[in-house]
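The values are calculated or read from the model by the stated rules, or taken from the named source; none is laboratory data. Being a predicted model, the structure only gives us computed values, none of them experimental. Every residue, glycine among them, receives a Cβ derived from its backbone with ideal geometry; neighbour counts consider all protein chains shown.
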Amino acid sequence: MIVQRERRRHELFARIWEDLIPKVFQDVPSYYDRGNAVASLGICSAWSNRFVQSMNLPIGAKVLDVCSGTHDVPLRMLRRNPSLQVFALDRSPHMLAEGQRRARERGLTIDARVCDAHRLPFEDATFDAVTLQFATRHLRVSETFAEILRVLKPGGIFYHNDMLRPASRLIEVPYLAYLRASVWFTAMLFGSSHESRRCISYFAKAIRNFYKPSEMSELLQEIGFADVTHQDLLTGVLCFHIASKPPSA
């Protein structure tokens, strides 16, 4: 299942991932979170809070946020547990610069670096937890998840949150129509660049060819994660998974 799905996603979107997505994230940093709020009618922020509240991170835990963007997840984590050692990486220096600005405003330190999520620049078994939110649709999933498994300590936890393909066709059809319209409206509202507007239809297509909640659980298990659980909204419109690295791995 993984090989066929990933091959299909690569055939459809490889050029967009390489050429357009970096330009989109060069354009959107200053309004990225506000744009998400508008497009989701405020649901994304509330769901992100629920995602972070699900995390059980001990005092002083070493945490990596992959595809950190504007540091939405790290800032929420540090608000709840200021003792965390937080590392963040993203392919876009523009998104990270905005995230670092927000961290400085709050007097917080996040060790951020520009990096490809498919090749994490850390030793094996480095982190107690790894987080990844709202970016997996733009990645080669199996490669990224294998890297995350590698850098987790045995017993470490992976927290994943994204928009998935709804399990119900009755929800999927109107949802994808709404997604196209809301992304278009947000792009017009915030004056997005030409490159960003070219990606309007891509976001719905990416969901249409993505994983359903149960499929994401299967993918995590096939890669080597254990104790996989998930919580979803409307059968997968938004969904987060929690999985652990086996103690013997």
(message) Checking V228 against (1) surrounded by fewer than 20 Cβ atoms within 10 Å (Cβ to Cβ); (2) assigned to a helix (DSSP H, G or I); (3) of a type in the set (A, V, I, L, M): exactly one of these is not met. Which one?
(response) (2)
(message) Here's a check for you: in the stretch 41-54, which residue that is over 15 Å from the mean Cα position of the chain (by Cα) and closer than 19 Å to L132 by Cα is surrounded by the fewest Cβ atoms within 10 Å (Cβ to Cβ)?
(response) Q53
(request) Could you list, in sequence order, all residues of the stretch 55-75 that are surrounded by fewer than 21 Cβ atoms within 10 Å (Cβ to Cβ), under 25 Å from L139 (Cβ atoms) and among the small types (G, A, S)? (result) A61
(request) Search the stretch 160-170 for residues being over 20 Å from T70 (Cβ atoms) and charged (D, E, K, R), and hand back the single one that is surrounded by the fewest Cβ atoms within 10 Å (Cβ to Cβ). (result) R169
(request) Check off (1) at pLDDT below 95; (2) within 24 Å of L149 (Cβ to Cβ); (3) not β-branched (V, I, T) for P29 and give me the number that stays unchecked. (result) (2)
(request) Take the stretch 200-218 and flag every residue that is crowded, with 21+ Cβ neighbours inside 10 Å and either among the hydroxyl-bearing types (S, T, Y) or out of contact with any His (no Cβ under 7 Å at 6 or more places or on another chain) (or both). (result) A206, I207, Y211
(request) Scan the stretch 76-92 residue by residue and report those that are crowded, with 19+ Cβ neighbours inside 10 Å and touching a Gly at 6+ places or on another chain (Cβ under 8 Å). (result) L84, A88, D90, S92
(request) Answer with yes or no whether R140 is at pLDDT below 95 and more than 16 Å from D65 (Cα to Cα). (result) no
(message) Considering only residues that are surrounded by fewer than 16 Cβ atoms within 10 Å (Cβ to Cβ), more than 24 Å from G60 (Cβ to Cβ) and touching a residue at least 40 places away in the same chain (Cβ under 8 Å), which ones fall in the stretch 121-159?
(response) A146
(request) Collect the residues in the stretch 47-70 that are more than 19 Å from G156 (Cα to Cα) and out of contact with any Asp or Glu (no Cβ under 7 Å at 6 or more places or on another chain), keeping them in residue-number order. (result) W47, N49, R50
